[in-house]
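Trainee: Please read through the structure below; I'll follow up with questions.
The values are calculated or read from the model by the stated rules, or taken from the named source; none is laboratory data. These figures come from a predicted structure and were not determined experimentally. Here the Cβ is made from the backbone with ideal geometry for all residues, glycine too, and neighbour counts use every protein chain on show.
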Amino acid sequence: MSELSNNLKLAPEKMGPVFEIERLTKTFARQNVTALSNVELTIKKGEFVSVIGSSGCGKSTLLKIMAGLLPPTQGRVLLEGQPVRGPSSHIGMMFQQATLLPWKNTVENVLLPISIREGTAAAKKAYDHAVSLLELVGLGGFTKAYPGELSGGMAQRASICRMLVSNPSMLLLDEPFSALDELTRDFMNMELQRICMEKEATTFLVTHSLAEAVILSDRILVMQSRPGRVVEDVSIDLPRPRTLEMINTPYFGEIVAHIRALLAKDGNAANS
Amino acid sequence: MAKSEEDFEDTVWEEKDALIDRIPRSIAMFLLFIIVVGLWDLVTRMGWVSPIILPTPMETLNDLIFVGSNLTSGGYMLSALWTTTLTVFYGFLIAVCIGFSLGVLVGETKFGERAVMPYLVAIDTMPKVAFAPLFIAWLGFDIASKVALAAFIATFPIVVATAAGLYAATENERMLFKSIGATRLQTLLHLKLPTGLPYFFTGLKIAAVGVMAGAITGEFLGGGKGFGALIRQSASQLNTPRVFSLILYLSLLGLALYFTVVWTQKKFVFWNKSGNLSGVN
């Protein structure tokens, strides 16, 4: 087990950071709530980092700040060395729902970020790129289909393509498959891993699911609430590509138990 | 001992709808028509209701044919119908333009929501027909005052529906647009307005009914050359069959407007498959 993980471990330490967060604090003055307190985070190129925590621990706030959708109260947020002061085309986002526009067909939905940012002409130029992305996720035959004709899993795959279409250097995923049934979800997680490996993507995932976080991530940030803070940065030494069978290994069980204990502590604190 | 397979037939059985659910639409409509006209004929034939209050179906039919021939031969009724049609058309057009603009103002800007909406709600709760004398005083007895009343009544449902439609985009959709760097105008044009279209059309349908009521009320109260004036004139002459047939022809105008809206909605909102009460949506 440990032999396996030592041999096949990724070596991200050789590459520079894509995302850097220093002493990040976010308070919502209106509700007098400290959503995030002194969060430190460095994500290296090609790394897959997850954040897990009970609801209300500030993980969605963290994601929104990283995406430039919310301003921080204190601290530095750098994407490839540049401060994040608003949405950027270097960031690709994915949400809980596929949020495809029902009046656009699949390929038009995938091209939406480009047509909004650069106009229709640029979107036309990127058409072949969008189609090749759809082929990558197995939707090559559905370029002209409307979202109403796609299943939940297919819609989420299309939204993966929309996230990738502008070749972002950082992917931010907000519980992307939590609305899907469990079988589809497992399958989509494996697809996500395959796509991230193929694209050498740097990925940040917010999730509720422990198993999902462990199976996908190189590192897991465990957050506790009130105030929202990172209590542990857990490295996952499982070889890539990960498989669903790894869920049954003792190592996997140990990590899950360890993180669950951390989360339970927060749950007790929140209930007391 | 277990029975062998051949001892049982396949367990095939049919789910049956009740008889009342199995009648096809055309027959169902025809049946109801026969029942209503039959009852109508009965109460008039038996002398239970005075013919001045309720004409017989036959009298009504005869008058329908008379009015129909007058309309098709280009008689004075046709010009009256044309006047009312124009009133309804202009009223609807004005209501759509003003209603949509105010709806965007209310639904898209905080100022509209905070400052304009309370006044709109206040005006909307007033009985709008009561404004008719004012419109007549301001705009005269011609078509303009009727157009104004019709538009006035039809504007509010469009405002409310447009504003509600602009709120209909989900939090995730807004976040998506924000994250891809969309401007406010882009978000309005490419997300909020298309998302709100089904709401907008619902408002148009309510407005289509209101604009008819407004136009006819205007003609009742302000006279003029429209169908409303003809109806009032016939009523004052106790020509009840004529009132009936005029109302029936008038309803064709309302239906035409309503189904123009429905047809336009089907063209533009092809993706929305909700609202399946057939023949209405």
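Trainee: Hey, any hits in the range B:222-233 for a residue that's in contact (Cβ under 8 Å) with a residue 40 or more places away in the chain and touching a Pro at 6+ places or on another chain (Cβ under 9 Å)?
Mentor: yes
Trainee: Suppose we keep only residues that are touching a Pro at 6+ places or on another chain (Cβ under 7 Å) and within 11 Å of chain B (Cβ to nearest Cβ) within the range A:147-184. Which one would you say is nearest to A:GLU198 (Cα to Cα)?
Mentor: A:VAL165
Conditions tested, residue by residue: (1) part of a strand (DSSP E or B); (2) among the polar types (S, T, N, Q); (3) modelled with pLDDT of 85 or more; (4) touching a Lys or Arg at 6+ places or on another chain (Cβ under 8 Å).
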{"site": "A:LEU4", "(1), (2), (3), (4)": "no, no, no, no"}
{"site": "A:GLU13", "(1), (2), (3), (4)": "no, no, no, yes"}
{"site": "A:GLU20", "(1), (2), (3), (4)": "yes, no, yes, yes"}
{"site": "A:LYS26", "(1), (2), (3), (4)": "yes, no, yes, no"}
{"site": "A:ARG30", "(1), (2), (3), (4)": "no, no, no, no"}
{"site": "A:LYS64", "(1), (2), (3), (4)": "no, no, yes, no"}
{"site": "A:GLY68", "(1), (2), (3), (4)": "no, no, yes, yes"}
{"site": "A:GLY75", "(1), (2), (3), (4)": "yes, no, yes, yes"}
{"site": "A:ARG85", "(1), (2), (3), (4)": "no, no, yes, no"}
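Trainee: Same structure, new question: Please go through the range A:125-158 and give me each residue that is closer than 19 Å to A:SER178 by Cβ and under 21 Å from the mean Cα position of the chain (by Cα), ordered by number.
Mentor: A:VAL137, A:GLY152, A:GLY153, A:MET154, A:ALA155, A:GLN156, A:ARG157, A:ALA158
Trainee: Given the structure, is B:SER26 under 23 Å from the mean Cα position of the chain (by Cα) and loosely packed, with under 10 Cβ neighbours inside 10 Å?
Mentor: So B:SER26 passes the test.
Trainee: From B:GLU108, B:GLU59, grab the single residue that is among the acidic types (Asp, Glu), in contact (Cβ under 8 Å) with a residue 40 or more places away in the chain and either surrounded by fewer than 10 Cβ atoms within 10 Å (Cβ to Cβ) or under 29 Å from B:PRO157 (Cβ atoms) (or both).
Mentor: B:GLU108
Trainee: In the range B:32-81, what residues are polar (S, T, N, Q) and either touching a Cys at 6+ places or on another chain (Cβ under 7 Å) or closer than 23 Å to B:LEU253 by Cβ (or both)?
Mentor: Within the range B:32-81, B:THR60, B:ASN62, B:SER69, B:ASN70, B:THR72, B:SER73, B:SER79 meet the criteria.
Trainee: Go through the range A:146-180 residue by residue and tally those that are among the hydroxyl-bearing types (Ser, Thr, Tyr) and within 27 Å of A:VAL77 (Cα to Cα).
Mentor: 3
Trainee: Of all residues in the range A:63-93, which are at the interface with chain B (Cβ under 9 Å from one of its Cβ atoms) and under 18 Å from the mean Cα position of the chain (by Cα)?
Mentor: A:LYS64, A:ALA67, A:GLY68, A:LEU69, A:PRO87, A:SER88, A:SER89, A:ILE91, A:GLY92, A:MET93
Trainee: Then there's this: B:ALA168: more than 15 Å from the chain's Cα centre (by Cα), small (Gly, Ala, Ser), surrounded by fewer than 21 Cβ atoms within 10 Å (Cβ to Cβ) and on the phi < 0 side of the Ramachandran plot, yes or no?
Mentor: yes
Trainee: Scan the range A:87-104 residue by residue and report those that are crowded, with 22+ Cβ neighbours inside 10 Å and either in a helix (DSSP H, G or I) or of a type in the set (Ser, Thr, Tyr) (or both).
Mentor: A:THR99
Trainee: Same structure again: Answer with yes or no whether A:LEU192 is within 24 Å of A:GLY53 (Cα to Cα) and buried (at least 21 other Cβ atoms within 10 Å of the Cβ).
Mentor: Taking the combined requirement at face value, the residue satisfies it.
Trainee: Which residues, taken from the range A:210-237, are under 14 Å from A:PHE48 (Cα atoms), in contact with a strand residue (DSSP E or B) (Cβ under 7 Å, 6 or more places away or on another chain) and not hydrophobic (A, V, I, L, M, F, W, C)?
Mentor: Answer for the range A:210-237, where residues must be under 14 Å from A:PHE48 (Cα atoms), in contact with a strand residue (DSSP E or B) (Cβ under 7 Å, 6 or more places away or on another chain) and not hydrophobic (A, V, I, L, M, F, W, C): A:SER217, A:ASP218, A:ARG219, A:ASP233, A:SER235.
Trainee: Wholly within the range A:191-272, which strands (runs of 3 or more DSSP E) include no fewer than the required count, namely at least 1 residues that are more than 26 Å from A:LEU134 (Cβ to Cβ) and in contact with a Lys or Arg (Cβ under 9 Å, 6 or more places away or on another chain)?
Mentor: In the range A:191-272, the matching strands (runs of 3 or more DSSP E) lie at A:219-224, A:229-235.
Trainee: Within the range A:106-118, can one find any residue that is among the hydrophobic types (A, V, I, L, M, F, W, C), within 12 Å of chain B (Cβ to nearest Cβ), part of a loop (DSSP other than H, G, I, E, B) and farther than 30 Å from A:THR25 by Cβ?
Mentor: yes
Trainee: Something else: Among the residues of the range A:92-111, are any touching a strand residue (DSSP E or B) at 6+ places or on another chain (Cβ under 8 Å) and not hydrophobic (A, V, I, L, M, F, W, C)?
Mentor: Yes - at least one qualifying residue is present in the range A:92-111.
Trainee: Another question, then. Going by what's in this entry, would A:VAL107 be described as over 18 Å from the mean Cα position of the chain (by Cα) and buried (at least 21 other Cβ atoms within 10 Å of the Cβ)?
Mentor: Considered against the rule, which asks whether it is over 18 Å from the mean Cα position of the chain (by Cα) and buried (at least 21 other Cβ atoms within 10 Å of the Cβ), A:VAL107 comes out as yes.
Trainee: Any chance you could count how many residues in the range B:164-216 are more than 8 Å from chain A (Cβ to nearest Cβ) and either of a type in the set (Phe, Trp, Tyr) or under 30 Å from B:PHE227 (Cβ atoms) (or both)?
Mentor: Counting residues in the range B:164-216 that are more than 8 Å from chain A (Cβ to nearest Cβ) and either of a type in the set (Phe, Trp, Tyr) or under 30 Å from B:PHE227 (Cβ atoms) (or both) gives 19.
Trainee: Let me ask something else about it. Mind telling me which of the residues A:ALA155, A:ALA123, A:ALA130 ends up being touching a helix residue (DSSP H, G or I) at 6+ places or on another chain (Cβ under 9 Å), without any contact (Cβ under 8 Å) to a residue 60 or more places away in the chain, under 25 Å from A:ILE52 (Cβ atoms) and not in a loop (DSSP other than H, G, I, E, B)?
Mentor: After ruling out the rest, the residue left standing is A:ALA155.
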